[in-house]
1. GNM on chain B, C-alpha springs below 10 Å: top fluctuator among B:67, B:81, B:42?
2. What's the average, rounded to a whole number, of partner chain beta-carbon atoms within 10 Å of each residue's beta-carbon in A:118-127?
3. Which of the lysines could be linked to residue B:96 by a straight reach, that is with a Cα gap under 27 Å, when you skip same-chain ones fewer than 8 residues away?
4. Could you give log10 I(q)/I(0) at q = 0.11, 0.17 Å⁻¹ for the protein assembly as shown, computed by the Debye formula over C-alpha point scatterers of equal weight, without solvent?
5. Hey, got the average number of other protein chain Cβ atoms within 10 angstrom for residues in B:71-83?
6. Run the simple label-point estimate for residue B:120 and residue A:32 please: 7 Å along Cα→C-beta, distance reported in nm.
7. Looking only at other chains, what is the average number of their beta-carbon atoms within 10 angstrom of each beta-carbon in B:46-58?
8. Report the gain in length on full extension from residue A:67 to residue A:95: 0.36 nm times residue separation, minus Cα-Cα distance, nm rounded to one decimal.
Amino acid sequence: MTMSNRPLSPHLQIYRPQLTSVLSITHRMTGIFLALGTLVLLFWLSAAAGGPDAYAAAQSVLDMVIVKLVLVGWTWAFFYHLCNGLRHLCWDAGWGFELGTAYASGYAVLATSIVVTLLVWGYVLAAPGGVA
Amino acid sequence: MSLRSALGRVKGLGSAKEGVGHWRVQRLTAMALVPLSLWFVLSLLRVFNNSHSEVVAWVSAPTVTVLLIALSAMLFWHLQLGLQVVIEDYVHTPWKQIAMQSLLRAGAGLGALIAIVSILKISLALG
């Protein structure tokens, strides 16, 4: 029996994209991105453990515009993964499987993650001595 | 040599041969991370601009130390379980599968250790 050339899951390219599938793959991609983001967390924590000089050096790296942009992306990925994760937990509990509900909760997750990300970064940029 | 019967050994393990352990722990760590990660991000909004001594004072508060360690453990555990499935889905060569799963576990374990040791070093004022 030749097994080697059989298509293996997930072969996503044969499906027409729809909200539910796009949100699902986005959940996985934000998860991978957040996992990489823990490197920034470790960088910050170990710098704080390293003393004032190491911490100041780390702060100057984190203050770079390019890093800030990545952190904005990280913030959205976090709130998206959190909201959509709650959506998944509701499904696991057997709630919200109806097509209409699944679409409504999908749009709610998108809207909430974007609005909260804007609120957070509005607060950060407006904070006294904040990151201008 | 096990005294369990063949039926007893396989019951509840299903076609994946490992039962629902992975699925359940992924959900449990997710549920733990909901309050822990929200608390952490909201706290960061308060301390991100503070001086080193203020950050050290924040981490050193016993409640914060405990919550940060709990967050680190849950975070790296959840991360390992999630990325494990991604690798299972997309890597189809057995030796690459084993190598990447081992690297993932090593990386996640080291990450958790670095986080927890850093937190303890700050909190116990060894630095």
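1. Checking each option, the largest mean-square fluctuation is seen for B:42.
2. Other-chain Cβ atoms within 10 Å of each residue's Cβ, averaged: 1.
3. In chain and number order, the partners are B:17.
4. Relative scattering, expressed as log10 I(q)/I(0), comes to -0.74, -1.45.
5. Going residue by residue through B:71-83 and averaging, the value is 3.
6. Reported label-point gap for residue B:120 and residue A:32 is 3.4 nm.
7. 4
8. Values: separation 28, 0.36 × 28 = 10.08 nm, distance 3.88 nm.
Gain on extension, residue A:67 to residue A:95, equals 6.2 nm.
Where a number appears in this text, it was derived from the coordinates with a stated rule and is not lab data. Quick caveat, the model's predicted, so the values are computed rather than measured. All Cβ positions, glycine included, derive from the backbone under ideal geometry; neighbour counts span all protein chains shown.
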